[in-house]
Amino acid sequence: MSAVGLKILVIDESAERAEVLLAGLEDAGYHQVQYLREMTDLVPRIAAIDPDVILIDLENPNRDTVEQMFRVSREVKRPIAMFVNESDPEMTKQAIRAGVSAYIIDGLRRERIQPVVEVAISRFESYRELEQRATDAELQLAERKTIERAKSVLMDKRSMSEPQAYEAIRDMARAKGKRMVEVAESLLTAQELGI
């Protein structure tokens, strides 16, 4: 997404630090920028703003802040870059687990803002792609299990071999213009109902 169309939310309790972020964003050509100073009720406030990227600057993040970022990441699902002043390996791990796409230690400099935004977006998209692949794999496995169960029903009730049961499900799916898993689900429902 180009800088022109990107909507960015800056969250920082310090107006002085926020000014560095805002100036860096302006320099990089990001013009749709909103700023929140208060950290309370972030999820509904962020949802109302609906940004493409969230930049949060904290001197020293505490566990409550990281938990709040986890909620934001889970519920709002946006790239998040967090700037902090001091390194804390445990807090870094927690922030990354919470869904923070870029965790920048002592790196709040005007000229670094654009690369940080780009990295946050890239890492977020990579994570989402992996997450989608995992979801797709789980769905495919569940569908295969459903088809296997339906084949077992046909093998038991109609004395079919496994290849015959598979062919029967496949032929019914073709005839009805449905996916095999849909036919399998129908067969299992019919079997449960005693039809």
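Things to note:
- Longest site-free stretch - the chain; sites: trypsin sites (Lys or Arg not before Pro), DSSP loop, at most 14 other Cβ within 10 Å: 110-177
- For the chain, the fraction of 1.4 Å probe accessible surface lying on carbon and sulfur atoms is 48 percent.
- Dividing the Cα radius of gyration of the range 62-152 by its Kirkwood radius returns 1.19 for Rg/Rh.
- Its Cα gyration tensor gives the chain an equivalent ellipsoid. The semi-axes, each the square root of 5 times an eigenvalue, are 52, 17, 14 Å from largest down.
- In this calculation the C-beta distance from Arg170 to Lys145 is compared with R0 = 25 Å, giving a FRET efficiency of 0.90.
- Per residue accessible area of the range 90-195, 1.4 Å probe, in Å²: 67 Å²
- Loop-located GluC sites (Glu not before Pro) in the range 69-110 whose Cβ has at most 15 other Cβ within 10 Å (DSSP): Glu86
- Scalar couplings 3J(HN,Hα) for the range 138-155, obtained by applying the Karplus form with A = 6.51, B = -1.76, C = 1.60 to θ = phi - 60°, are 4, 5, 4, 5, 4, 5, 4, 5, 5, 5, 4, 5, 5, 4, 4, 4, 5, 5 Hz; x denotes Gly and Pro.
- Computed from phi, the 3J(HN,Hα) profile of the range 7-16 under the Karplus parametrisation 6.51, -1.76, 1.60 (θ = phi - 60°) reads 9, 10, 10, 9, 10, 7, 6, 9, 4, 5 Hz, with x in place of Gly and Pro.
- Rounded to the nearest 0.05, the FRET efficiency derived from the C-beta distance between Arg133 and Arg71 at R0 = 22 Å is 0.35.
The values are calculated or read from the model by the stated rules, or taken from the named source; none is laboratory data. The structure displayed is predicted, hence computed values, not measured ones. With ideal geometry, Cβ positions are generated from the backbone for all residues, glycine too; neighbour counts draw on all protein chains shown. Heads up: the accessible areas ignore ligands, DNA and RNA and are worked out on the full protein's heavy atoms, side chains in. Shrake-Rupley method; radii C 1.70, N 1.55, O 1.52, S 1.80 Å.
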